[in-house]
Amino acid sequence: MPQPSNATPTTLHPRNRHHGRYDFAQLVHTAPELAAFVMATPSGDASLDFADPAAVKALNRALLKQFYGMRQWDIPAGYLCPPIPGRADYIHYLADLLADGNAGVVPTGKAVRVLDVGVGANCIYPIIGHHEYGWRFVGTDVDTTALRVGKQLAASNPTLTGALELRHQPDRNSIFSGILKPREVFDATMCNPPFHSSAAEAEASNRRKERNLGTNRQARPTPNFGGQSTELWYPGGEATFLWRMAEESALFRESCYWFTTLVSKKETLPGLYKSLQKLGATEVRTIPMAQGHKISRIVAWTFLDAAQQQAWREKRR
């Protein structure tokens with residue numbers, strides 16, 4: 001049966017660096033180009049137009065430079081520009097999951113290997129995960145442009161030297177097949193799956209976001225966080241993508257300790273739980289996350305029994 005964490009949190013993970021309001025004065029000092037996008041609210045506080053993709057990208061660039069040591073960071077127009085606080089939460093909760101099988105101590109360093117399914121051009125999980133815990137990442141993507149940009153990003157930032165390997169997934173219908181090499185092992189996988197089932201559904205979601213941000217300046221909106229089709233939608237939506245992920249994970253049951261993924265829609269959970277039970281997962285956990293009013297969760301599962309888990313820890317820790 002799925003094992004939930006404690007009650008749904010009301011704020012970010014305790015180790016997340018992004019609690020509270022953004023310190024725009026400090027961010028502008030770190031990245032002066034952000035100043036062009038900072039504006040005063042009616043109450044006199046500093047803020048940004050979060051409906052402006054250029055402003056969101058400039059904010060991310062400043063955050064990554066100030067908190068994660070990124071000298072250079074950029075993505076092509078139209079590619080996903082992720083909200084960094086929420087992405088950092090996934091990394092920290094994943095660290096807790098690994099610590100749970102390590103006497104409560106988060107395993108750190110290059111011996112810990114993580115597979116990021118759908119790494120994107122932004123490479124956000126490897127950036128944060130390596131900075132915070134020293135982990136090494138393999139990032140996969142079906143988009144060759146995203147991988148090219150990711151390689152340029154890694155080459156431009158010495159902090160990522162030796163920390164990130166990027167691999168092309170040639171088959172959009174595959175997750176792990178064609179990626180994992182014989183006898184290759186990972187301590188965890190992670191994924192931010194496509195949430196929508198079609199381009200039309202993704203566009204409708206972007207329109208709702210614009211209304212919530214209080215802007216509707218174009219007949220066809222430019223989403224503030226961007227996203228290519230492979231990042232935003234998948235035939236059958238999140239539920240089908242995660243069903244396929246579960247099915248393929250069973251083929252590599254001894255190659256990874258924890259398979260994990262974000263799950264945006266709570267309606268996806270029953271079907272995913274049923275699939276994992278049928279496939280023989282020995283343990284399934286659901287870890288709630290929250291960022292303001294946004295509620296999400298991580299689902300994690302393993303096929304290793306108690307003896308195999310102990311052997312894994314003894315060998316790799």
Quick check, is Thr108 among the polar types (S, T, N, Q), on the phi < 0 side of the Ramachandran plot, assigned to a loop (DSSP other than H, G, I, E, B) and free of Cβ contacts under 8 Å to residues at least 60 places away in the same chain? yes
Complete set of residues in segment 20-46 that are open to solvent by 50 Å² or more (accessible area, probe 1.4 Å) and among the aromatic types (Phe, Trp, Tyr): Tyr22, Phe37
Could you tell me whether segment 5-12 includes any residue that is within 30 Å of Leu147 (Cβ to Cβ) and touching a Pro at 6+ places or on another chain (Cβ under 8 Å)? yes
Looking at segment 126-152, which of its residues are within 16 Å of His92 (Cα to Cα) and open to solvent by less than 10 Å² (accessible area, probe 1.4 Å)? Pro126, Ile127, Ile128, Gly129, Trp135, Phe137
Give me the residue from segment 113-129 that is assigned to a helix (DSSP H, G or I) and out of contact with any Lys or Arg (no Cβ under 7 Å at 6 or more places or on another chain) and, out of that set, nearest to Leu98 (Cα to Cα). Gly129
Apart from one, (1) part of a helix (DSSP H, G or I); (2) within 16 Å of the chain's Cα centre (by Cα) all hold for Ala25; the odd one out is (2)
Restricting attention to segment 180-210, the residues that are open to solvent by less than 10 Å² (accessible area, probe 1.4 Å), of a type outside the set (Asp, Glu) and at pLDDT 95 or above number exactly 5
Can you pull out every residue in segment 273-303 that is farther than 30 Å from His19 by Cβ and either open to solvent by 10 Å² or more (accessible area, probe 1.4 Å) or among the basic types (Lys, Arg) (or both)? Tyr273, Lys274, Ser275, Gln277, Lys278, Leu279, Gly280, Ala281, Thr282, Glu283, Phe303
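The values are calculated or read from the model by the stated rules, or taken from the named source; none is laboratory data. In this text, all values refer to a predicted model and were calculated from it rather than measured experimentally. Quick reminder, even Gly has a Cβ in these numbers, built from the backbone with ideal geometry, and neighbours come from all protein chains shown. Only protein heavy atoms, including side chains, enter the accessible area calculation; ligands, DNA and RNA are left aside. Shrake-Rupley method; radii C 1.70, N 1.55, O 1.52, S 1.80 Å.
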